[in-house]
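Participant: First the structure, which I've put down as structure tokens, then a few questions once you've had a look.
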Amino acid sequence: MGRSRRTLPEELLLLALDPTTGTTAQPQSLDLGLAGAQLVELALAGRIAPDGDRIAVVVPRPTGDPTLDSALELLRRRGAPVRAVHWIGGPRLGLRQTYLSHLERCGMVHAVAGQMCGVLPTTRYQATDTEISREIRARLDSAIRTGVPPDPRTAALAALAHAVGLGKHLYPGNEGRSSRSRLRDLIRHDPMGGLVAHAVMDVQNGVAAQPRRSSAPAGRQTPGGRSGPEPARGVPAQPHRGSMARAAAH
């Protein structure tokens, strides 16, 4: 995997980075989103594929990205497909800091030391190239505004942004309500992104212990394809196995 292209975890983190405060929005759910973004990136690289609500390694060859390859190796060691909710809900200590440090080494952010209450040391991160963040945001804005089905990478980024609650950060207030709704609806355009996004929401809602039951008739539902009032994080839709099988065939 060439380093000329930013990975989905990197893009999700840049989206969450507040340019004013230098902090990340939704830090707790963002950690789950970064773990999910790794799965989508590995799927886009052809290393893993969905198997129902589980994730299977199909090509164990390293990608060249150390952080992604560490996740790939952990998945490979499982020996059998693992449920997405169990993977995302597992311990991911330091994952956000790992990616922040990586972005700093790449020159995309720089660390600013400070103190909280004049005593506790803190570190904020400011984007050094705001053009990159604007380009990422523009892809989402374009997909929301035009209604044209986005490419799988953008659709997955939208799904993850919605799942971790970045909608109100990116499109705040009543004026952003319709944009947040459209952001949610973009989930349907990428089956893998939809599977992972729902797994992220399941972990947050505390329903990861039970496997999903697919009760919808075949062909009627795709991952994230439900519609409903905001907030959409309350009851995640159930991924449709037919859609997962089509994703694995790509």
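The values are calculated or read from the model by the stated rules, or taken from the named source; none is laboratory data. Because the structure is predicted, anything quoted here is derived from the model rather than measured. Positions of Cβ are backbone-derived with ideal geometry, glycine not excepted, and every protein chain shown enters the neighbour counts.
Participant: Name the residues in the stretch 32-51 that are in contact with a helix residue (DSSP H, G or I) (Cβ under 9 Å, 6 or more places away or on another chain), at pLDDT 95 or above and outside any helix (DSSP H, G or I), would you?
Facilitator: The answer is Ala45, Arg47, Ile48, Ala49.
Participant: Report those strands (runs of 3 or more DSSP E) wholly inside the stretch 52-171 carrying at least 1 residues which are modelled with pLDDT of 90 or more, in contact with a strand residue (DSSP E or B) (Cβ under 9 Å, 6 or more places away or on another chain) and charged (D, E, K, R). Outline the logic, then answer.
Facilitator: Numbers: elements: 54-57, 109-116, 120-127.
Here the list reads 54-57.
Conditions (1) surrounded by fewer than 16 Cβ atoms within 10 Å (Cβ to Cβ); (2) in contact (Cβ under 8 Å) with a residue 12 or more places away in the chain; (3) of a type in the set (Ser, Thr, Tyr), marked per residue:
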position	(1), (2), (3)
Gly36	no, yes, no
Val40	no, yes, no
Arg76	yes, yes, no
Pro81	no, yes, no
Gly89	no, yes, no
Gln97	yes, no, no
Ala111	yes, yes, no
